[in-house]
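Written out below as structure tokens is the structure these notes cover.
We did not get these values from a lab; they are worked out from the coordinates using the rules stated. On a predicted model such as this, the values are computed, not experimentally measured, just so you know. All Cβ positions, glycine included, derive from the backbone under ideal geometry; neighbour counts span all protein chains shown.
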Amino acid sequence: QVLSDVFNAPVYTIDTANSACLGSAYRAIHGLVAERNVSLADVVKSAPEPRLAVTPTAGAEEIYRPLLKRYAELEQKVIYNPTSSC
């Protein structure tokens, strides 16, 4: 629920063990075949059907939008000036 609220997006799951590893494997395959203009959608078309797990809580976007903006600003500071203190 937290991911859905923070990013104001529905969260889907698949009924498989180690789904994060599976996602990484699909991205790796996509990287291997990308030079042949194979889309990620084509790579994952054999993936299990996702199931809607949660949707954003009403009003959560108003809370998290400014925090995400601040987080992005801090992240950019670290990336472009890693020796500065935040």
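Starting from the exponent 0.38 and prefactor 2.2 Å, build the expected Rg for the chain from its residue count and divide its actual Cα Rg by it.
Working: Rg = 17.4 Å, N = 86, 2.2 N^0.38 = 12.0 Å.
Rg over 2.2 N^0.38 Å, computed on Cα atoms: 1.46.
Compute the long axis of helix 19-33 from its Cα atoms, compare it with the longest principal axis of the Cα atoms of the chain, and write down the angle in degrees, 0 to 90, nearest 10. For helix 19-33, the angle is close to 70 degrees. Put simply, the amide H of V54, placed in the peptide plane, has neighbours under 5 Å in V11, leaving out anything fewer than 5 places away on its chain.
Once you keep just the Cα pairs under 8 angstrom separated by 6 or more residues, what percentage relative contact order results for region 1-80? The partial results should precede the final answer.
Values: 64 pairs, mean separation 38.7, N = 80.
About 48 percent, as a whole number.
What 222 nm value per residue comes from the helices of the chain, counting each DSSP H run with n ≥ 4 as -39,500 (n - 2.57) and dividing by all residues, nearest 500 deg cm²/dmol? Could you put the intermediate results ahead of the total?
Values: 4 runs with 46 residues, N = 86.
Per the formula, -16500 deg cm²/dmol.
Modelled spin labels at K69 and H30, positioned 7 Å past Cα toward Cβ, are 2.9 nm from each other.
Could you give the length gained on full extension between E49 and Q76, defined as 0.36 nm per residue of separation minus the Cα-Cα distance, in nm? Walk me through the numbers on the way to the answer.
Working: separation 27, 0.36 × 27 = 9.72 nm, distance 3.57 nm.
Stretched out fully, the E49 to Q76 stretch lengthens by 6.2 nm.
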